[in-house]
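A.B. asks: One structure coming up, written as structure tokens, with questions to follow.
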Amino acid sequence: MAIDSITNPIKLKSSHPVGLLRGTVIFPGNSIPIVSGRSKSKAALDAAWEGDRVIVFVTQKNERIEDPKEADLYSVGTVCLLRRLIKIDGEYTVTAEGIMRVYIKSFLKTEPHMEAEIEEIPELYEKNEETEALMRTVKDQLKRFLELGGNSLFDPSSLSNWSHFSGSDDPNQLVNSISQAIDFKTIDKQQILEMVSAADRLRRVSELLAKEIRVLEIYQKISSHTQERVSKMTKEAILREQMRSIEEELGESGENQEIREFELKIRKANMPKEVREKATKELSRLSKMSSYNPEAAYIRNYLEWLTDLPWRVSGKIKIDLKKAQGILDEDHYGLSKVKERILEYLAVHKLSGKVKGPILCFVGPPGTGKTSIGKSIARALNRKFVKVSLGGVRDEAEIRGHRRTYVGSMPGRVIQGVKQANTTNPVFMLDEIDKLGADYRGDPSAALLEALDPEQNFAFSDHYLEVPYDLSNVMFITTANILDTIPPALRDRLEVIPYPGYTQDEKFHIAKKFLIPKIVKSHGLKEDQIDFNDEAINFIIQAYTREAGVRNLERELSAIVRKIARKIAEGEKVKSYAITTQVVEELLGPIKFIPQLAEIEDMVGASTGLSVTEAGGDVLFIEVTLMPGKGAVQLTGQLGEVMKESAQAAMSYVRSNWNKLSLPERFFHKVDVHVHVPEGAIPKDGPSAGIALTTAIVSAFTKISVRKDVAMTGEVTLRGRVLEIGGFKEKVLAAHRAGVKIVIAPEHNRKDLIDIPKYVQDDLEFHFVKHMDEVLKVALIRPPLPSQPKRVIPTHQPALA
């Protein structure tokens with residue numbers, strides 16, 4: 001039995017999990033941190049942590065072997081107690097305290113982690129004159145080692161406690177502490193760990209210390225020569241400083257010219273009082289400093305940043321609402337809410353003379369024009385435009401800047417962007433704000449809180465500048481694909497403007513008015529050399545793209561224009577190429593997307609739901625099948641927890657309403673229900689598929705088919721109430737793209753019809769419902785009839801299959 005150094009005794013079992021070490025050895029009585037990234041080691045740590053937190057650490061003979069076998073490990077290791085375990089980015093960081101040395105008698109298993117049968121090596125020693133002499137020798141050598149500057153090879157946590165070594169009477173404890181603290185070679189440490197005799201261990205440590213002392217003595221001699229050379233260089237620097245003083249007296253100093261230039265820049269920069277005082281103080285330090293002082297370069301760089309920043313330089317804003325609307329309409333089709341908000345901002349600014357810059361957040365699927373409209377807004381406002389991409393940024397210093405104590409430090413991206421614009425009131429776009437990360441270096445999203453808060457950003461603090469900077473005149477625009485990953489505190493500061501995705505009619509006009517002219521021009525063609533007819537454009541949108549934005553549409557159009565450009569470059573004599581649906585299919589190949597409902601018939605146990613993803617709305621097919629069993633429910637298709645709960649609620653509703661649905665009283669007890677949502681590689685979650693799940697389950701039990709042209713969305717309760725859902729517009733547009741004719745939605749979503757384009761409303765039949773009974777009347781080809789009170793479940797299973 002070993003004793004836990006803090007509280008409880010540790011019971012040593014006959015076998016324990018084995019952790020693998022590379023390039024290090026743990027000795028009893030010492031606590032060291034270990035970082036583990038290999039799967040076997042992590043599995044062993046998990047097993048130990050979940051158990052008694054005791055693990056055997058064994059060093060491998062060749063540290064280059066990634067997956068060592070039994071023969072690749074030493075036969076002696078150390079039993080350790082895990083004090084702490086932290087999991088970060090796929091790696092485990094643990095603090096392990098060595099308890100005792102053990103022999104590895106045999107390995108009991110190797111997967112998923114190694115486990116070994118062990119035997120304790122007793123820490124025995126005999127108190128005699130030889131042992132005492134060896135201990136005194138080792139202590140004297142250790143003292144000499146430290147006097148020669150061996151501290152750098154020491155574990156810092158061991159250095160501070162010299163009495164721990166000098167006052168130790170236990171030779172094994174002394175050997176363990178020194179061997180752990182000093183950076184001996186791994187093979188030498190392992191040799192000391194395996195030795196049983198305390199006297200032999202002391203001799204080996206003494207030999208290694210003697211070698212280290214000899215190396216340090218040689219090193220000190222070399223350092224002495226180096227110091228002499230440094231002294232000579234210092235003398236030269238002093239002489240140069242004296243020469244500089246003489247030059248100043250004669251008025252010939254080049255550095256004085258630099259100081260005068262900075263003084264002029266500071267006067268012209270029109271800085272606030274406290275910033276000017278800071279710049280003057282730093283300039284005074286620079287003037288007293290030798291040009292050969294490394295810090296002089298840092299101060300010069302700092303003064304250049306302070307003097308180059310636009311402290312009071314702002315672009316002149318000429319507010320013309322009609323012209324601004326014309327610019328927005330010229331650059332982007334649709335996006336009425338975004339344009340309306342910008343024009344409102346301009347109107348308020350025109351009337352009041354000054355208004356705090358809004359913090360807009362454009363949220364929507366990729367390819368919907370969130371980033372490009374930033375440039376149009378800047379053009380409409382007659383301001384400079386700056387864009388910073390935040391995707392993958394994980395360091396707080398990227399936003400707030402690095403402190404000047406670091407080599408190569410500089411301001412954060414916000415201040416860099418303002419300097420790039422050279423004005424205090426640019427349009428500043430923070431792209432992909434939902435993709436900010438966080439790690440041990442800080443949380444960039446937290447650093448943005450101050451910059452994006454109109455009540456605080458008049459005195460934004462950058463770590464590099466160390467003086468407040470006024471960002472209140474900056475118009476910040478952020479973009480994101482989803483809001484879920486944006487922290488609530490940051491989201492609260494944003495005025496969210498959703499981008500629901502484009503309808504087919506909007507895509508058609510965007511392609512005809514914007515994309516095709518741009519693509520034709522960029523490929524070196526003239527507008528009269530290629531002509532897309534309307535039918536061909538609609539055919540490309542329907543058959544070759546399926547997206548909320550227009551990015552893939554632009555790629556397909558570019559592919560067609562490239563092929564035409566090649567024909568012209570090869571000398572084909574055609575005055576103008578007419579692009580028809582037939583030509584499109586010849587150039588782009590077979591149709592990529594067939595209408596999703598075209599091949600689906602009215603089916604039993606299959607319904608169509610509607611969902612919202614990062615790429616916009618989409619249809620969701622739900623299948624239910626029954627099998628002989630005992631009432632189990634199986635859910636597949638990579639469903640999230642919320643969607644699984646919706647399926648359970650749907651089952652509970654069906655079971656509790658057996659009589660209303662014309663089902664036997666104990667219908668559930670002899671069948672298993674399998675609910676599957678196809679496209680299993682795609683994660684799915686959310687409560688809005690509740691009525692679609694319930695409809696498919698009811699259809700499976702009643703054998704009544706679900707209409708193929710019906711799609712539905714809505715959360716269902718255990719009482720059958722249908723609750724409101726989000727993303728109504730995206731879901732309706734997805735249903736329209738898929739060829740659905742009837743949409744069933746919650747009654748509380750009727751108000752959202754105002755956002756649906758008129759031609760989409762004309763193509764679809766909407767049913768707004770409050771209860772599942774209303775859903776079943778529309779979705780099933782016929783409503784289920786109430787069952788007889790005493791109906792008995794059939795004995796033959798096929799009736800329910």
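A.B. asks: Return the total of residues in the range 732-785 being acidic (Asp, Glu) and either closer than 16 Å to Gly501 by Cα or in a strand (DSSP E or B) (or both).
C.D. replies: The number of residues fulfilling the criteria is 3.
A.B. asks: Can you pull out the residues in the range 693-715 that are over 13 Å from Val673 (Cα atoms) and open to solvent by less than 10 Å² (accessible area, probe 1.4 Å)? Full working, then the answer.
C.D. replies: So the first thing to find is which residues in the range 693-715 are over 13 Å from Val673 (Cα atoms), and the list is 695, 702-715.
Hits for the range 693-715 are Thr695, Ile704, Val706, Val710, Ala711, Met712, Thr713, Gly714.
A.B. asks: Could I ask something else about it? Looking at the structure I just gave you, is Glu730 acidic (Asp, Glu), out of contact with any helix residue (DSSP H, G or I) (no Cβ under 6 Å at 6 or more places or on another chain) and surrounded by 16 or more Cβ atoms within 10 Å (Cβ to Cβ)?
C.D. replies: It is true that Glu730 is acidic (Asp, Glu), out of contact with any helix residue (DSSP H, G or I) (no Cβ under 6 Å at 6 or more places or on another chain) and surrounded by 16 or more Cβ atoms within 10 Å (Cβ to Cβ).
A.B. asks: Report yes if Pro590 is closer than 30 Å to Tyr345 by Cα, not in a helix (DSSP H, G or I) and not polar (S, T, N, Q), otherwise no.
C.D. replies: Considered against the rule, which asks whether it is closer than 30 Å to Tyr345 by Cα, not in a helix (DSSP H, G or I) and not polar (S, T, N, Q), Pro590 comes out as no.
A.B. asks: Kindly evaluate Val386 against the criterion of being hydrophobic (A, V, I, L, M, F, W, C), open to solvent by less than 10 Å² (accessible area, probe 1.4 Å), over 22 Å from the mean Cα position of the chain (by Cα) and within 25 Å of Lys435 (Cα to Cα). Talk me through it step by step, then tell me what you get.
C.D. replies: Numbers: hydrophobic (A, V, I, L, M, F, W, C): yes; open to solvent by less than 10 Å² (accessible area, probe 1.4 Å): yes; over 22 Å from the mean Cα position of the chain (by Cα): yes; within 25 Å of Lys435 (Cα to Cα): yes.
Spelling it out, Val386 is indeed hydrophobic (A, V, I, L, M, F, W, C), open to solvent by less than 10 Å² (accessible area, probe 1.4 Å), over 22 Å from the mean Cα position of the chain (by Cα) and within 25 Å of Lys435 (Cα to Cα).
A.B. asks: Can we say Leu723 is free of Cβ contacts under 8 Å to residues at least 40 places away in the same chain, under 22 Å from Lys644 (Cβ atoms) and not acidic (Asp, Glu)?
C.D. replies: Values: free of Cβ contacts under 8 Å to residues at least 40 places away in the same chain: yes; under 22 Å from Lys644 (Cβ atoms): yes; not acidic (Asp, Glu): yes.
Yes.
A.B. asks: Here is a follow-up. Residues Glu455, Glu495, Glu432: which one is under 25 Å from Lys384 (Cβ atoms), surrounded by fewer than 21 Cβ atoms within 10 Å (Cβ to Cβ) and free of Cβ contacts under 8 Å to residues at least 24 places away in the same chain?
C.D. replies: Answer to the selection: Glu455.
A.B. asks: Only one of (1) on the phi > 0 side of the Ramachandran plot; (2) modelled with pLDDT of 90 or more is not met by Thr608, so which one is it?
C.D. replies: (1)
A.B. asks: Against the condition part of a helix (DSSP H, G or I), open to solvent by less than 20 Å² (accessible area, probe 1.4 Å) and at pLDDT below 90, how does Ala543 come out, does it pass?
C.D. replies: So Ala543 passes the test.
A.B. asks: Still on this model: Hey, among Pro783, Pro789, Pro798, Pro794, which residue is at pLDDT below 85, surrounded by fewer than 14 Cβ atoms within 10 Å (Cβ to Cβ), in contact with an Asp or Glu (Cβ under 9 Å, 6 or more places away or on another chain) and farther than 18 Å from Lys741 by Cβ?
C.D. replies: Pro789
A.B. asks: Go through (1) free of Cβ contacts under 8 Å to residues at least 40 places away in the same chain; (2) under 23 Å from Lys644 (Cβ atoms) and name the single condition Lys758 misses.
C.D. replies: Lys758 satisfies all of (1) free of Cβ contacts under 8 Å to residues at least 40 places away in the same chain; (2) under 23 Å from Lys644 (Cβ atoms) except (2).
A.B. asks: Right, something else. For the range 291-311, check the following and say yes or no: at least one residue is touching a Ser or Thr at 6+ places or on another chain (Cβ under 7 Å) and under 29 Å from Asn473 (Cβ atoms).
C.D. replies: Yes, that holds for at least one residue.
A.B. asks: Could you grab the pairs with beta carbons closer than 6 Å, sequence gap of 6+ or different chains, first residue in the range 385-406 and within 20 Å of Leu449 (Cβ to Cβ), second one loosely packed, with under 15 Cβ neighbours inside 10 Å and modelled with pLDDT under 80?
C.D. replies: Taking only residues 6 or more apart or on different chains, the pairs are Arg394/Asp439; Asp395/Arg441.
A.B. asks: Let me spell it out: the conditions are (1) within 15 Å of Ile377 (Cβ to Cβ); (2) buried (at least 18 other Cβ atoms within 10 Å of the Cβ), and Lys323 meets all of them except one. Which number is the exception?
C.D. replies: Of the numbered conditions (1) within 15 Å of Ile377 (Cβ to Cβ); (2) buried (at least 18 other Cβ atoms within 10 Å of the Cβ), the odd one out for Lys323 is (2).
A.B. asks: Which one is farthest from Leu45 (Cα to Cα), of the residues in the range 102-128 that are open to solvent by 30 Å² or more (accessible area, probe 1.4 Å) and of a type in the set (A, V, I, L, M, F, W, C)?
C.D. replies: Leu124
A.B. asks: Taking the residues in the range 293-314 that are among the aliphatic types (A, V, I, L, M) and assigned to a helix (DSSP H, G or I) as candidates, determine which candidate is farthest from the chain's Cα centre (by Cα).
C.D. replies: The qualifying residue farthest from the chain's Cα centre (by Cα) is Ala296.
A.B. asks: Can I ask one more? Condition (residue is outside any loop (DSSP other than H, G, I, E, B) and closer than 18 Å to Phe27 by Cβ) applied to the range 120-128: is it met by at least one residue?
C.D. replies: So far as the range 120-128 goes, yes, one or more of its residues are outside any loop (DSSP other than H, G, I, E, B) and closer than 18 Å to Phe27 by Cβ.
A.B. asks: Is there a residue being more than 13 Å from Leu515 (Cα to Cα) and under 33 Å from the mean Cα position of the chain (by Cα) anywhere in the range 573-581?
C.D. replies: no
A.B. asks: Hey, does the range 618-640 have a residue that's open to solvent by less than 20 Å² (accessible area, probe 1.4 Å) and among the polar types (S, T, N, Q)?
C.D. replies: Taking every residue of the range 618-640 in turn, none turns out to be open to solvent by less than 20 Å² (accessible area, probe 1.4 Å) and among the polar types (S, T, N, Q).
The values are calculated or read from the model by the stated rules, or taken from the named source; none is laboratory data. It should be emphasised that the depicted structure is a prediction, and the values quoted were computed from it without experimental measurement. Glycine gets a Cβ as well: all are built from the backbone with ideal geometry, and neighbour counts include every protein chain shown. With ligands, DNA and RNA removed, areas are computed over all heavy atoms of the protein, side chains included. Shrake-Rupley method; radii C 1.70, N 1.55, O 1.52, S 1.80 Å.
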